[in-house]
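The structure under discussion appears below in the form of structure tokens.
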Amino acid sequence: MRLSVRARWAAIMLVISFFLPKAALAAPLEAELPFEADAASLLLLEAGTGQVIFEKNADEQRPVASITKLMTILLILEMVDEGRLTLEEPVTVSPNAAGMGGSQALLDAGGVYPLETLLRSLIVASANDSAVALAEHALGSVDSFVEAMNRRAAELGLSSTHYCNPTGLPAEGQYTTARDVAALSLEVMRHERFFEYSTVWMEDLTHNSGRVTSLVNTNRLIRFYEGADGVKTGSTDEAGFCVSASAKRGGLRFVAVVLGAKNGRQRFSIAGAMLDHGFDHYAYSSLGMQGDTAAEAVPVNQAGGETVDLLLSRDLRLLCRRGEEGQYSVRYEYGSPAAPILKGQELGEAVVEKGGEEVLRVPLTASRDVAEKGFLVGLRAVLRLWVCGL
């Protein structure tokens, strides 16, 4: 069976993660919370690097109510990107979908809506009826969609997550963690289309009958916090009040996950304080960008005097405390490469240090192909012709 590109990539990442210690993958920069926060689980990370700033009970499995819908949203966005669904196609709402409780878009049973309308109401207003209607439309049944949700969670390495429905309504055996919510939030935010809907504060949904439902964004930070643009809220009696909140200012984006707060006001207050801490105390130290030349005209052995440039394979960018940006230095390690060389081949490393201590290594790659040349090459060619002649 031939695996899809996404499945092959997921398999590669699973192998990589197997050999990396979990602590190294998620070690926070701050060992303790910088302020008191009355919530069951917390995690603050910087989105560009994935670096965790601080956390509390980040691996505790909990229900998260409508934050569950992040996976529903992700699957629909991916299906649209892959061409399996279109934003314009009609979706017929089943009585089952229309009968969902909790937050709703008040869809008509038997009503027909453009897929984009339901997706918008799902993201803006956390509509349970839209979530179920989309799930049934996308894969034929809620059960099939839930199977896809758990399959995608496994592909993303969300090992402490299990879904039972696409809405987040209470269900035995449905849980996730603050760490998995943060990782899922980052995956959803890879889709620029998501922000077209997540930043809407209020809008009207017009039904086939002409009836109008006013939708209000469940994430009040969108209106009241500078730079806020996502991600998802949720609340039930068992989950408490939850939010995964994203905000971007300049080149920095932070994601604050708050699970199990006492009330809605408190979850937003805590999330805002977490985001404030990130923006107030952290910045990027940039020592080079992907594609920059790290070493020019490096001589290549067995290439008749030809040279090759070595390029940074990714950005040399570190998250650091404000005021410490100038404390990092970079040196380049490489030897005398020998032909043949392929473009993109790793030929050395950029080593970032702070106070003499190594903090990051980034591969250096060849800027172009370099063919092997010289007397030995010609001799081998002659010998190959001679052997073939025999």
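The values are calculated or read from the model by the stated rules, or taken from the named source; none is laboratory data. Just so it is clear, the structure is predicted and the values come from calculations on it, not from any experiment. Cβ sites come from the backbone with ideal geometry, for glycine too, and all protein chains shown count toward neighbours.
See the values below:
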quantity	calculated
L107 being part of a helix (DSSP H, G or I), surrounded by 21 or more Cβ atoms within 10 Å (Cβ to Cβ), assigned by TED's automatic domain parsing to the domain that holds L75 and not acidic (D, E)	no
The lone exception for L134 - which of (1) part of a helix (DSSP H, G or I); (2) surrounded by fewer than 21 Cβ atoms within 10 Å (Cβ to Cβ) it fails	(2)
Which listed residue is at pLDDT below 95 and under 21 Å from P170 (Cβ atoms), from G102, G50	G102
Scan of the stretch 90-104 for residues that are assigned to a loop (DSSP other than H, G, I, E, B) and over 15 Å from L205 (Cα atoms), ordered by number	S94, G99, M100, G101, G102
Selection within the stretch 223-259 - over 25 Å from R62 (Cα atoms), surrounded by 13 or more Cβ atoms within 10 Å (Cβ to Cβ) and over 19 Å from the mean Cα position of the chain (by Cα)	Y225
Residue in the stretch 345-357 that is farthest from T293 (Cα to Cα), counting only those that are of a type outside the set (D, E) and surrounded by 14 or more Cβ atoms within 10 Å (Cβ to Cβ)	K354
Only one of T213, T206 that is of a type in the set (V, I, T), surrounded by 13 or more Cβ atoms within 10 Å (Cβ to Cβ), out of contact with any Cys (no Cβ under 6 Å at 6 or more places or on another chain) and in the same structural domain as N150 (by TED's automatic domain parsing)	T213
Filter result for the condition that a residue is touching a Cys at 6+ places or on another chain (Cβ under 8 Å), assigned by TED's automatic domain parsing to the domain that holds T199 and either of a type in the set (V, I, T) or buried (at least 23 other Cβ atoms within 10 Å of the Cβ) (or both), over V112, V146	V146
Residue identified as surrounded by 24 or more Cβ atoms within 10 Å (Cβ to Cβ) and assigned by TED's automatic domain parsing to the domain that holds D204 among G140, G168, G157	G168
Leading residue by the ranking (surrounded by the most Cβ atoms within 10 Å (Cβ to Cβ)) among those in the stretch 39-72 that are in contact with a strand residue (DSSP E or B) (Cβ under 9 Å, 6 or more places away or on another chain) and at positive phi	A65
So A125, is it in the same structural domain as S244 (by TED's automatic domain parsing), farther than 23 Å from R151 by Cβ, buried (at least 21 other Cβ atoms within 10 Å of the Cβ) and modelled with pLDDT of 95 or more	yes
Residue within the stretch 278-286 that is surrounded by fewer than 24 Cβ atoms within 10 Å (Cβ to Cβ), among the charged types (D, E, K, R), assigned to a loop (DSSP other than H, G, I, E, B) and modelled with pLDDT of 95 or more present	no
Conditions (1) within 24 Å of N263 (Cα to Cα); (2) part of a strand (DSSP E or B); number of the one not met by T218	(2)
Residue in the stretch 309-327 that is on the phi > 0 side of the Ramachandran plot, touching a strand residue (DSSP E or B) at 6+ places or on another chain (Cβ under 9 Å) and in contact (Cβ under 8 Å) with a residue 24 or more places away in the chain present	no
Lone unmet requirement of (1) part of a loop (DSSP other than H, G, I, E, B); (2) surrounded by fewer than 24 Cβ atoms within 10 Å (Cβ to Cβ) for L75	(1)
